[in-house]
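Trainee: Have a look at this one.
Every read-out reported here was derived from the displayed coordinates using simple, explicitly stated rules and does not represent laboratory data. These figures come from a predicted structure and were not determined experimentally. Cβ placement follows ideal geometry from the backbone for every residue including glycine, while neighbour counts extend to all protein chains displayed.
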Amino acid sequence: MASRIPTSTSVTESAVISAPFGAVWHHIKLASFPNFWTALSKAEPVHGASSDTDIVKWTFKDGTELEVKLEAHSAIDHYITYSVISAKPQLSYSSVVSTIRLFPITSGHHEGQTFIQWSGNFSSDADAGVIEDAKFKRREALADLAKLVKK
């Protein structure tokens, strides 16, 4: 019987994006992710959800589909929190809640640029491979976002 390697069930990736805060924050909406994240082919609203629930289906270029639910949004504190509520194919873990938070850099060498942080908290059944995959996907998406707003 194989034993599991104990691992942290959270991941946080961050970047300084060489663009003004407003140019970056404008893209942080669940339905807008395909505009910058090259791994996604499309995002579409899920119809049939209650009127006070924001659910978007992300379709990745590899065929994976995730339904993500907006859990929290603050235009004042500049963050969104979302959870994955369904997946095709089924995920190897029970749940994940992610938060993307932005900060305008107001002084120093990076003044006028944007600091962005993308965290994910996974259920305890997520293994080290899941955490590593999440780390690299976040890094890829943040690099994609930086390229988009730099244009």
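Trainee: Compute the FRET efficiency between Val46 and Asp127 as 1/(1 + (r/R0)^6), taking r as their Cβ-Cβ distance and R0 = 22 Å, and round to the nearest 0.05.
Mentor: 0.20
Trainee: Grab the beta carbon distance between Phe115 and Asn35, set R0 = 25 Å, and tell me the FRET efficiency rounded to 0.05.
Mentor: Numbers: r = 21 Å, r/R0 = 0.82.
Approximately 0.75, to the nearest 0.05.
Trainee: How much length is gained if the chain between Phe136 and Ser94 is pulled fully straight, taking 0.36 nm per residue apart and subtracting their Cα-Cα distance, in nm to one decimal?
Mentor: That works out to 13.1 nm of additional length.
Trainee: How far apart, in nm, are two points set 7 Å out from the Cα along the Cα-to-Cβ line at Ile105 and at Ser74?
Mentor: 2.3 nm
Trainee: Setting aside same-chain residues fewer than 8 positions from Lys57, which lysines have a Cα under 17 Å from its Cα?
Mentor: By straight Cα distance, Lys57 reaches Lys29, Lys42, Lys69, Lys88.
Trainee: For Lys150 and Glu65, FRET efficiency with R0 = 30 Å and r from the beta-carbon atoms, rounded to 0.05? Write out the running numbers ahead of the final one.
Mentor: On the way: r = 30 Å, r/R0 = 0.99.
About 0.50, to the nearest 0.05.
Trainee: Note the listed values (1) 126; (2) 141; (3) 103, then indicate which one is volume of the Cα convex hull per residue in Å³ calculated from this particular structure.
Mentor: (1)
Trainee: Skipping prolines and chain starts, which residues have an amide H placed within reach, meaning under 5 Å, of the one on Gln113, given they are 5 or more residues away or on another chain?
Mentor: Long-range HN contacts for Gln113: Ile105.
Trainee: Cut-off under 20 Å on the C-alpha distance; same-chain residues fewer than 8 positions from Lys135 excluded. Which aspartates and glutamates are left, in chain and number order?
Mentor: Glu13, Asp62, Glu65, Glu67, Asp125, Asp127, Asp144
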